[in-house]
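The structure appears right after this line, and notes come after that.
The values are calculated or read from the model by the stated rules, or taken from the named source; none is laboratory data. Every value quoted in this text rests on a predicted model; they were computed, and no experiment measured them. Neighbour counts run over all protein chains shown; Cβ positions are idealised from the backbone, glycine included. Ligands, DNA and RNA are excluded from the accessible area calculation, which covers all protein heavy atoms including side chains. Shrake-Rupley method; radii C 1.70, N 1.55, O 1.52, S 1.80 Å.
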Amino acid sequence: MTANHSAVPELIVMLTYDDQTVPNAHEVFDSCRSLDARHWGFKDIGLADRDMRKLAGAMKDAGCHVYLEVVSLTEPEALKAVEIAATCGCDAVMGSIYSPSIHETARHHGLQYFPFVGEISGHPSVLEGTVESIASHARYLSAQNVDGMDLLTYRFTGGDPDGLLNQVVASSAVPVVSAGSISSYERIRSVWDAGAHGFTIGSAFFDEAFAPTMSFRENLASVLSWLAEEESRRLTPSA
């Protein structure tokens, strides 16, 4: 797949902190409804099932594309999470391990499937292995016709994360979403430069990484404004 470096990567706003959904996720989402953010998600841990359904329902009512990111790393847990995603009316499942049964279950429910690429461990999750082994796994996942893949770029324990992202995007025939620890405009720019399809931000909004001393909403608004300005800059011919 040839990366389109001029296309704005999709921002997936995660109502999560330290890899679990925050207790007041519904209230935070309500505070951001008027912003032009159309991709939202949450994790499979942190809220009761009924609260996940309520949260996803509010997102769908607002016209959003909804993601459930699965941090559980066993097949039974992932299968359960896919069923929950379907019950909640989500559009996509991200994360967890790849398996044909998870893939088939997601397809059965009409869910997009973006499994983790590479070897994942711990919680919060980290990405282990080498650039070569992770790129090889990306090629394998592409051959399985997944809808995309979830790459923990900035939680890579094996070296240069930006080099890894570039290699995975180049090795993949499906969209790559860079997830986890994107806490600066420099990292967003690197994701864009690599030609990734999208990226997630969750904890960094709560940590006020983009607009210090300001709210989650104002941090999100700052990133949306930066993306629009960066797009304009990239589309403007150099003098």
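Report the residue count in segment 175-195 for those that are crowded, with 19+ Cβ neighbours inside 10 Å and either of a type in the set (Ser, Thr, Tyr) or over 23 Å from Ser121 (Cα atoms) (or both).
Residues that pass the stated criteria total 7.
If you take the residues in segment 11-30 that are over 14 Å from Arg217 (Cβ atoms) and open to solvent by 70 Å² or more (accessible area, probe 1.4 Å), which one is modelled with the lowest pLDDT?
Taking the candidates together, the pick is Asp18.
Taking the condition of being among the aliphatic types (A, V, I, L, M) and surrounded by 14 or more Cβ atoms within 10 Å (Cβ to Cβ), how many residues in segment 225-236 meet it?
Going through segment 225-236, the residues among the aliphatic types (A, V, I, L, M) turn out to be 227-228, 235.
Now narrow it down to the ones that are surrounded by 14 or more Cβ atoms within 10 Å (Cβ to Cβ): 227.
Final tally of qualifying residues: 1.
Looking at segment 46-53, is at least one residue under 17 Å from the mean Cα position of the chain (by Cα) and either surrounded by 20 or more Cβ atoms within 10 Å (Cβ to Cβ) or in a strand (DSSP E or B) (or both)?
Scanning segment 46-53 turns up no residue that is under 17 Å from the mean Cα position of the chain (by Cα) and either surrounded by 20 or more Cβ atoms within 10 Å (Cβ to Cβ) or in a strand (DSSP E or B) (or both).
Kindly indicate whether Phe42 is without any contact (Cβ under 8 Å) to a residue 60 or more places away in the chain, assigned to a strand (DSSP E or B) and crowded, with 16+ Cβ neighbours inside 10 Å. Explain how you work it out, then say what you get.
Numbers: without any contact (Cβ under 8 Å) to a residue 60 or more places away in the chain: yes; assigned to a strand (DSSP E or B): yes; crowded, with 16+ Cβ neighbours inside 10 Å: yes.
For Phe42, the condition - without any contact (Cβ under 8 Å) to a residue 60 or more places away in the chain, assigned to a strand (DSSP E or B) and crowded, with 16+ Cβ neighbours inside 10 Å - is met.
Just to be sure I understand the filter: pairs with C-beta atoms under 6 Å, separated by 6 or more residues or on different chains, first member in segment 138-167 and in contact (Cβ under 8 Å) with a residue 24 or more places away in the chain, second member among the hydrophobic types (A, V, I, L, M, F, W, C) and open to solvent by 50 Å² or more (accessible area, probe 1.4 Å). Which pairs pass?
Ser142/Ala173
Restricted to segment 71-102, and to residues that are more than 16 Å from Asp150 (Cβ to Cβ) and in contact with a Lys or Arg (Cβ under 9 Å, 6 or more places away or on another chain), which residue is surrounded by the most Cβ atoms within 10 Å (Cβ to Cβ)?
The residue in question is Cys88.
For every residue, the table says whether it meets (1) farther than 21 Å from Asp18 by Cβ; (2) part of a helix (DSSP H, G or I); (3) within 16 Å of the chain's Cα centre (by Cα).
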| site | (1), (2), (3) |
| --- | --- |
| Gly57 | yes, yes, no |
| Tyr67 | no, no, yes |
| Cys90 | yes, no, yes |
| Val93 | no, no, yes |
| His103 | yes, yes, no |
| Pro124 | no, no, yes |
| Leu127 | no, no, yes |
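Please find, among Ser133, Ser190, the residue that is part of a helix (DSSP H, G or I) and either within 23 Å of Thr21 (Cβ to Cβ) or touching a helix residue (DSSP H, G or I) at 6+ places or on another chain (Cβ under 8 Å) (or both).
Ser190
Please list, ordered by first then second residue, the pairs with beta carbon atoms under 6 Å, 6 or more apart or interchain, first in segment 196-212 and touching a residue at least 24 places away in the same chain (Cβ under 8 Å) and assigned to a helix (DSSP H, G or I), second of a type in the set (Ser, Thr, Tyr) and surrounded by fewer than 24 Cβ atoms within 10 Å (Cβ to Cβ).
Listed by first residue and then by second, the contacts come to Ser203/Tyr17; Phe206/Tyr17.
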